[in-house]
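K.L.:
One structure follows; several queries about it will come next.
Derivation of every value follows stated rules applied to the coordinates shown; laboratory data play no part. Because the structure is a prediction, the values reported are computed rather than measured. All Cβ positions, even for glycine, are placed from backbone atoms using ideal geometry, and neighbour counts span all protein chains on display.
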Amino acid sequence: MQVGSSASLDGLCDRLLRSTAACKVLVCTIEGAVVAHAGERNILRGLLSNEIAELAADMIIETQQASHLEIPVEDRYVTLAVPKDNPQLGALQLGAAPLGHRALLLVLFPEHVDAGQVRVRVRRARPQILRLLSSQAATPS
C-alpha cells in the first residue's frame, strides 16, 4: 500500500495525542512505513524503540496472517519497562490497534493515564483514520 504522509492524518494523530495525554502517536503501514505521527520526536530511541518495534512487528505479522482469513485482530495494550537508557521517561504504556488489514495505530502514553480512556479515544478515531487511508490508497500518487 503506497500512502504518503498527510496533513489530515497528522492532524488526527495530533488530536488523538492531545485527547489521550500521549507522548507519541504513529500510523504505520503493514509494510512498516510511518505515514503519520504526532508527539515528541526524540522519544523513540534506544531500548524503548526496540520494545515498540517488536510489539509492532508482532501485530503486523498477526494482522497479515489474519487478513487471509478475514479475522479481526484485537487491540493490544501493554505496560513497557522503564527504559534503562532513558529512565526519566518513567513507565509507559503502548496501545497497538490494527487499522483494518492495512495499517497499525500505535499510541505511547504514560502509565498514570487510564488505558480505558485511551481505548475509547482510539475506537473513536479508528473510522476516521481508516477513511483517510482508504481515500489515499484510492488516489494515485
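K.L.:
What order do you get for Thr20, Thr79 when you list them from fewest to most C-beta neighbours inside 10 Å?
P.N.:
Numbers: Thr20 24, Thr79 11.
Lowest count first: Thr79, Thr20.
K.L.:
Could you work out [θ]222 nm for the chain from helices alone, using -39500 (n - 2.57) per DSSP H run of at least four and dividing by all its residues? Round to the nearest 500 deg cm²/dmol.
P.N.:
So the helix-based figure for the chain works out to -15000 deg cm²/dmol.
K.L.:
What relative contact order, as a whole-number percentage, does the chain give when Cα pairs under 8 Å and 6 or more residues apart are counted?
P.N.:
It rounds to 28 percent for the chain.
K.L.:
PRE reach from Gln117 (point 7 Å along Cα→Cβ): which of region 17-46 fall under 11 Å by backbone N?
P.N.:
Output list for this probe position: 19-22.
K.L.:
Right, something else. Please pull out the direction-averaged projected area of the chain, using the convex hull of its alpha-carbon atoms, in nm² to one decimal place.
P.N.:
For the Cα atoms of the chain, the hull's average projected area reads 8.0 nm².
K.L.:
Dipole magnitude of the chain about its Cα centre, charges +1 at Lys/Arg Cβ and -1 at Asp/Glu Cβ only, in debye to the nearest 20?
P.N.:
In debye, rounded to 20, the chain gives about 480.
K.L.:
About its Cα centre, how strong a charge dipole does region 28-69 have in debye, to the nearest 20, once Lys and Arg get +1 and Asp and Glu get -1 at the Cβ?
P.N.:
180
K.L.:
Right, something else. Just how large is the dipole of region 45-105 about the Cα centre, in debye to the nearest 20, putting +1 at every Lys and Arg Cβ and -1 at every Asp and Glu Cβ?
P.N.:
220
K.L.:
Residue farthest toward the positive end of the dipole of the chain, with Cβ of Lys/Arg at +1 and Asp/Glu at -1: which of Leu80, Leu99, Ile61?
P.N.:
About the Cα centre, the residue reaching furthest to the positive side is Leu99.
K.L.:
What is the sum of charges, Lys and Arg at +1 and Asp and Glu at -1, for the other residues whose Cβ falls under 15 Å from the Cβ of Leu48?
P.N.:
Result for the neighbourhood of Leu48: -1.
K.L.:
Something else: Just Val25, Val118, Val34 to compare: in a GNM of the chain, with alpha carbon springs under 10 Å, which one fluctuates most?
P.N.:
Maximum fluctuation in the GNM of the chain, among the listed residues, is at Val34.
K.L.:
On to the next question. Counting other beta carbons within 10 Å of each residue's own, what order do His37, His112 fall into, fewest first?
P.N.:
His112, His37
K.L.:
While we're looking at this one, here's another question. Binned at 10 Å from 0, what are the whole-percent values of the Cα-Cα distance distribution for region 72-131, short to long?
P.N.:
22, 47, 24, 7
K.L.:
Moving to a separate point now. Tell me, in nm to one decimal, what length is gained between Arg124 and Arg76 on full extension, where the rule is 0.36 nm per residue of separation less the Cα-Cα distance?
P.N.:
Contour length minus Cα-Cα distance gives 15.7 nm.
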